[in-house]
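S.K.: Attaching a single structure in structure tokens format; questions to follow.
The values are calculated or read from the model by the stated rules, or taken from the named source; none is laboratory data. This structure is a prediction, so every number in the text was calculated from the model and none was measured. Here the Cβ positions follow ideal geometry from the backbone for every residue, glycine too, while neighbour counts run over all protein chains shown. Surface areas here come from the heavy atoms of the whole protein model, side chains and all, with no ligands, DNA or RNA. Shrake-Rupley method; radii C 1.70, N 1.55, O 1.52, S 1.80 Å.
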Amino acid sequence: MTEHGNTEHSGYELVRTTLVQAVGVDPAALTPRTALGDLRLDSLALVELALALEDRTGKPMTGVTERSTLAEVAELIDAVDIDVVDVNAVDTEPSVPPARAPGPVVGIVR
């Protein structure tokens, strides 16, 4: 994130989109300098945000607090040096592999 608050940065857009989609925040209320506490998010909403960001980045978001600004959260995402998941993509693959057919029961014979 630049000091000028470049909102076209992928980390910022991920935070912004996640707040709107996963937490239900009005997009008009979001700027890079908006603190999460200013959005009146309760502790459950903060946890939901952190978990949604973890799902989309594959990295823990333990530094997300009510005092964090959107720009700071975006910097956390950018600092982990990952490929940000497309938040608009639909996951068509199951997250759990299909169960295998049971094989023969093998036991120890004495």
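S.K.: Determine, yes or no, whether residue 25 is modelled with pLDDT of 90 or more, among the hydrophobic types (A, V, I, L, M, F, W, C), assigned to a loop (DSSP other than H, G, I, E, B) and open to solvent by less than 60 Å² (accessible area, probe 1.4 Å).
M.R.: yes
S.K.: Can you tell me which condition residue 33 does not meet? The list is (1) surrounded by fewer than 17 Cβ atoms within 10 Å (Cβ to Cβ); (2) in a loop (DSSP other than H, G, I, E, B); (3) modelled with pLDDT under 95, and all the others hold.
M.R.: The failed condition is (3).
S.K.: So, one more: If I filter the range 36-54 down to residues being surrounded by fewer than 18 Cβ atoms within 10 Å (Cβ to Cβ) and closer than 15 Å to residue 71 by Cα, which single residue comes out as nearest to the chain's Cα centre (by Cα)?
M.R.: Result: 37.
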